[in-house]
Protein chains: 2
Amino acid sequence: MSFVDHIRRCNNYDRARAVPLFVGPQRVGFVRRDNAQALRRFPDVFTVADDKVELAAHGDPDAISRAVDQVVDALVIEKQIPKTRYETFDVATRWGAPPLFRLDRGAVPFFGTRAYGVHLNGYRRDRNELWLWVGRRSADKRVAANKLDNLVAGGIGNGYGLVETLIKEADEEAMIPPDLIARAIPAGAVSYRMETGLGIRDDVLFVYDLELPADFVPQNRDGEFSGFTLMPAAAVLDRIRSGTDFKFNVNLVVLDFAVRHGLLPPADPEYIDVATGLHRPLD
Amino acid sequence: MSFVDHIRRCNNYDRARAVPLFVGPQRVGFVRRDNAQALRRFPDVFTVADDKVELAAHGDPDAISRAVDQVVDALVIEKQIPKTRYETFDVATRWGAPPLFRLDRGAVPFFGTRAYGVHLNGYRRDRNELWLWVGRRSADKRVAANKLDNLVAGGIGNGYGLVETLIKEADEEAMIPPDLIARAIPAGAVSYRMETGLGIRDDVLFVYDLELPADFVPQNRDGEFSGFTLMPAAAVLDRIRSGTDFKFNVNLVVLDFAVRHGLLPPADPEYIDVATGLHRPLD
C-alpha cells in the first residue's frame, strides 16, 4: 500500500458500471447496473431505463419513503440488501436541502445516495509530538469488523443534526463529556465515491479535531468499539502507509489530519496527490 | 460574490478551449487554441495539430529551454507573452520529477504548464479570536495590483526548493526572521485551473500557517507590498464573501485556512462545496 492507494481504493467508482438515479430532474444517487436490473420488477416505484433509474412513486416524503421501503423489504428477503431496520438516512439533492424521502441505512449503497458522516480526530500534544486516540471496531460490526477507527465516527441519521450526531456519538462511543466535545473544531470535509459489494458509497465525512487533556481516557459504552489505544501520530501514519489495519475511509480522515497538522511533509513524493485527493469534488 | 464564486472563478478552465501540450508521451501543459495557432510558425520547436501540441525540439533540458526561449522571445516582441526575464519555472511531468525544460515565468500561462507557489497564512490568536496579517500588493505589480494578499506568497522558481522559497520570500516580503519562519507548519495544498487573458494557469499552492507573536509587525523590503494590516479573520472572510478585494487565488488560500481552523461553520450552506472545492484533483 501507499497513501494514495487508500485514496484510490475509496474512489474506485466507475461511472460505466452505474446509472444515475433521478427524482424528477434531479440526480440523487448512482445505481450499479446489476442493482438497477433488480429494480425493474417494481415499476410502480422505479422506472428503469438503460441509462438511468427514475423514481416513479409520487407523493410527500412519507409516501415515497413507504413505497421505497416496500422495495427494500423485498430485496432484503432476497439478501440483496442488508437492512438495518433501526436507522434511516435522508435523501436530498444536496446537504441542507429538504429531504425527498428516507432510506434504510443498509439500503443506501444499493441506491448510491449521498451519505453524510462525522469523524473526530481525538489527539494529544506531548513534548511537541502529536498522539492520536485510535479505536478498534468490534468484532460484530457489519462493516470493517476489528479494523482501527477514529476516536468517534458515525453516520448522520434522519432527524439528527451534524453537531447533535457528534455529541451523541462522542458520548456513546468514547464517553466524551459535553463540555469536552464542545471544544471540538470543525476542520473540513473528506469526500469519496466508492463501489462496494453492495453498490456505490457516495460519502461526505465532516471532520472534527479535538485536543484531549492528558487525564482523558475514552471508554466505549455502546459496544461498537472493543478498545482504544493512544498512538504517536507518526506511528499511525506508518501503519496507514504499510497496510489496511484502519477502516477504508478512516485512512483518508487520518491523512487529512496529517496534512493539516504538518505531519506529512511536503517533501513526501505523495504529498500533493494526498492533499488534493482527499476531497472529491461533488457533482 | 459568494465563497464558491471565488472557487469557480479560479476553475473556469474549459477543456474545449485548449489542447494538451506533450513532451513525448507525457502531457505537461494545456495550450489555449489561439495560442496553439500562434505556435504553428515554429515547426522546429512545436508540432501543432488540431487536438494537441507536441514539443518537436530535442536535446537535453538546456537545449530545449534555449529553443523554447527563442519562440517565447518572438512572441514577446508581438506582445503575446509578457516576458519577465528574471525568473524561470521548471516544466516537469509532476512535482519532484526531473525538469524537462525551463520556461520564463511570464510564458507559463501561454503554455499552461503547472506552476507551484507557496503561500503563508500569518495569524495571531488574541482572546480566542484569530487575526490574519494581510498584505496589500504594490500598485506596480503586473498581476493583481493593489489587491489584498497573504502575509507571504511567491512562485517556486527554477533552482529553488519549497522551504528555501518560503524562507526567502518571508524575508523579502515581510522581514520574518529565520527562527520565526522555521515554526511555519505545512498545512496542505490548494489547486485550481484557470483561464486568464494569457492562457491557462494550472497552479498548485503549498499552504503554510505561522502563528505570530504579538510583538511581530511585518515590514516589506522588496517593494512587492505597499503595506500590511492585521485583521480579524472573521472580517477577512466577510470581505471575501462580499467582493474581490483579495487577489483571485488568495481567496482560496484564506478559505482553506478558515475551513481548517473552524472559522467557517459546517452549518454554512457553502461549507461542503468550499471544503471539497479548494483542491482540484491533478491530472
Relative contact order of the range A:109-238 (C-alpha contacts under 8 Å, at least 6 apart) in percent is 38
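Return the FRET efficiency for the residue pair A:Arg94, B:Asp5: r is the Cβ-Cβ distance, R0 is 22 Å, and the value is rounded to the nearest 0.05. Walk me through the numbers before you get to the answer.
Values: r = 17 Å, r/R0 = 0.77.
That gives a FRET efficiency of 0.85.
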How far is B:Lys79 from the same spot in each other copy, in nm, shortest first, if each label point sits 7 Å from Cα toward Cβ? 7.6
Virtual spin-label span in nm between B:Gln37 and B:Ala63, 7 Å along Cα→Cβ: 3.3
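Other chains' Cβ within 10 Å of B:182-190 residues: what's the mean?
The shielding value for this peptide is 5.
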Virtual spin-label span in nm between B:Asp50 and A:Thr229, 7 Å along Cα→Cβ: 6.0
Along Cα-to-Cβ, 7 Å out, sits the label point; list in nm, shortest first, how far the one on B:Ser242 is from those in the other copies. 5.4
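Could you compute the net charge surrounding B:Ala214? Neighbours are other residues with a C-beta less than 11 Å from the C-beta of B:Ala214; K and R count +1, D and E count -1.
On the way: positive: B:Arg124, B:Arg125; negative: B:Asp126, B:Glu211, B:Asp215.
Net of charged neighbours comes to -1.
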Name the shape class, rounded, prolate or oblate, that the alpha-carbon gyration tensor gives for the protein assembly as shown, where a ≥ b ≥ c are the square roots of its eigenvalues, rounded holds for a/c under 1.5, and otherwise prolate holds if a/b is larger than b/c and oblate otherwise. oblate
Given points 7 Å out from each Cα along the Cα-Cβ axis, report the A:Gln80 to B:Asp171 separation in nanometres with one decimal. 6.8
Using +1 at the C-beta of Lys and Arg and -1 at the C-beta of Asp and Glu, which of A:His58, A:Thr196, A:Pro98 has the Cα lying farthest in the positive direction of the dipole of chain A? A:Thr196
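So if R0 is 41 Å, what FRET efficiency would A:Asp222 and A:Ala16 give, r being the distance between their Cβ atoms, rounded to the nearest 0.05?
On the way: r = 40 Å, r/R0 = 0.97.
The calculated FRET efficiency here is 0.55.
For a quick check: sort A:Val253, B:Val254 by the number of other beta carbons within 10 angstrom, fewest at the front. Write out the running numbers ahead of the final one.
Values: A:Val253 24, B:Val254 28.
Ordered from fewest to most neighbouring Cβ atoms within 10 Å, A:Val253, B:Val254 come out as A:Val253, B:Val254.
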List, shortest first and in nm to one decimal, how far the label point of B:Asn158 (7 Å from Cα along Cα→Cβ) is from its counterparts in the other copies. 6.2
Tell me, what ³J(HN,Hα) does each residue in the range A:99-104 have, in order and in whole Hz, if you take phi through Karplus 6.51 cos²θ - 1.76 cosθ + 1.60 with θ = phi - 60° and put x for Gly and Pro? x, 7, 6, 10, 9, 3
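Using the Cα gyration tensor of chain A, with a ≥ b ≥ c the square roots of its eigenvalues, what is the shape: rounded (a/c below 1.5), prolate (a/b larger than b/c) or oblate (neither)? Write down the numbers at each step before the final one.
Details: a/c = 2.16, a/b = 1.68, b/c = 1.29.
Prolate is the answer for chain A, as a/c is 1.5 or above and a/b outweighs b/c.
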Please find, in a Gaussian network model of chain A (springs between Cα atoms separated by less than 10 Å), the residue of A:Ala234, A:Ala74, A:Ala57 whose mean-square fluctuation is greatest. A:Ala74
Return the FRET efficiency for the residue pair A:Asp140, B:Ser242: r is the Cβ-Cβ distance, R0 is 56 Å, and the value is rounded to the nearest 0.05. 0.60
Under a 10 Å cutoff between Cα atoms, tell me which one of A:Asn12, A:Asn220, A:Asn128 has the largest fluctuation in the Gaussian network model of chain A. A:Asn128
Computed [θ] at 222 nm, helices only, for the protein assembly as shown once each DSSP H run of length n ≥ 4 contributes -39500 (n - 2.57): -8000 deg cm²/dmol
Take chain B, connect every pair of alpha-carbon atoms lying under 10 Å apart with a spring to form a Gaussian network, then pick out the residue of B:Asp268, B:Asp90, B:Asp140 with the largest mean-square fluctuation. B:Asp268
List the lysines whose Cα sits under 27 Å from the Cα of A:Lys168, skipping any in the same chain fewer than 8 residues away. A:Lys83, A:Lys141, A:Lys147, A:Lys247
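Values in this text are rule-based calculations from the coordinates and carry no lab data. Nothing here was measured: the structure is a model prediction, and the numbers come from that model. Note: ideal-geometry Cβ built from the backbone for every residue, glycine included; neighbour counts use all protein chains shown.
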